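Heads up, the thing below is written out as structure tokens.
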Amino acid sequence: MNIIFEDQHIIVVQKPPKVPSQSDQTFDLDMLSMIKAYLKEKYPSAKDPYIGLVHRLDRPVGGVMVFAKTKEDNARLSEQIRTKKFNKKYYVVVCGKPENTKGELRNYLKKLRDLNMSKVVTDKSKAGKEAILEYEWIDSVDTDEYGTLSLLEVDLKTGRHHQIRVQLSHANLSIWGDNKYNKTFVKMKKWTQIALWAYSLSFYHPKDQKFMTFESKPTEEYPFALFKI
């Protein structure tokens, strides 16, 4: 666990891929438990330190996360999410190349709980929730095994289940390594790490209201290593 920033109100860390944000049915070590163990070791007098889960990253996704150290700080950061003052940006490598260098995707997504997946539905009347993201094309490379791969920056405007994965797949820009929504990788028997990384996180500090931005870039991870980030 790489700690990027810490004070008495928040702790900002780089979540490794494959680690759950919080405890799940697998009982694998999760970020909440890791941070609580770290705080217990650092502050022995705090028998049960508080750690608040402000937001989540899907288990396969790595990148920047912020956790709150008090209930009040958690409430203030959660309010920023509600009022859209909390901003997350992602790097993603997709199969293919977008027709436009910039674009916005708006869809209604319905969560399929039994499959742990989501799908695009025609409108909100079919139990869908609006999902919005903006993307910008950065670069493309040609590979022998996977054809053209493109690096995109995604600015997430809403926080729906598997949102980036579902919306890009629906736009014929499936994410490299995604074994749920990319048909090429669904058919593969070998496991691949999805090329989706939360590289930037911006919010107002819950105490002094200072605007803060934290970044973490996957420069050594394939296929991100194919591009200059």
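Points worth noting:
- Potential extension, Met34-Asp7 segment - 0.36 nm per residue separation minus Cα distance: 8.0 nm
- Hydrodynamic radius (Kirkwood) for region 1-139, which is based on Cα pairs only, to one decimal in Å: 17.6
- Here the chain is scanned for GluC sites (Glu not before Pro) in DSSP loops (not H, G, I, E, B) that have at most 15 other Cβ atoms within 10 Å, and the longest stretch holding none of them is 1-98.
- Against the rule of thumb 2.2 N^0.38 Å, how large the Cα Rg of region 46-106 comes out: 1.56
- Sparsely packed trypsin sites (Lys or Arg not before Pro) within region 1-102, loop by DSSP, other Cβ within 10 Å at most 10: Lys47, Lys84
- Square roots of 5 times each gyration tensor eigenvalue, C-alpha, region 183-224, largest first, Å: 35, 12, 6
- Region 119-171: C-alpha gyration tensor shape, a/c 1.5 cut-off, then a/b vs b/c: prolate
- Expected 222 nm ellipticity per residue - DSSP helices of 4 or more, -39500 (n - 2.57), all of the chain, to 500: -4500 deg cm²/dmol
- Placing Trp137, Trp197 in order of accessible area, with the largest value first and a 1.4 Å probe, yields Trp137, Trp197.
- Charged-residue dipole, Cβ positions (Lys, Arg, Asp, Glu), region 42-196 about Cα centre, Debye nearest 20: 860
- Anisotropy class of region 81-229 from Cα gyration tensor, a/c 1.5 cut: oblate
- Taking 0.36 nm per residue of sequence separation and removing the Cα-Cα distance, the Asp123/Lys102 pair yields an extension gain of 5.2 nm.
- The calculated FRET efficiency for the pair Thr26 and Lys189, based on their C-beta separation and a Förster distance of 35 Å, comes to about 0.95.
The values are calculated or read from the model by the stated rules, or taken from the named source; none is laboratory data. These numbers come from a predicted model, not from an experiment. We place every Cβ from the backbone using ideal geometry, glycine too, and count neighbours over all the protein chains shown. The area values use the complete protein model at the heavy-atom level, side chains included, leaving out ligands, DNA and RNA. Shrake-Rupley method; radii C 1.70, N 1.55, O 1.52, S 1.80 Å.
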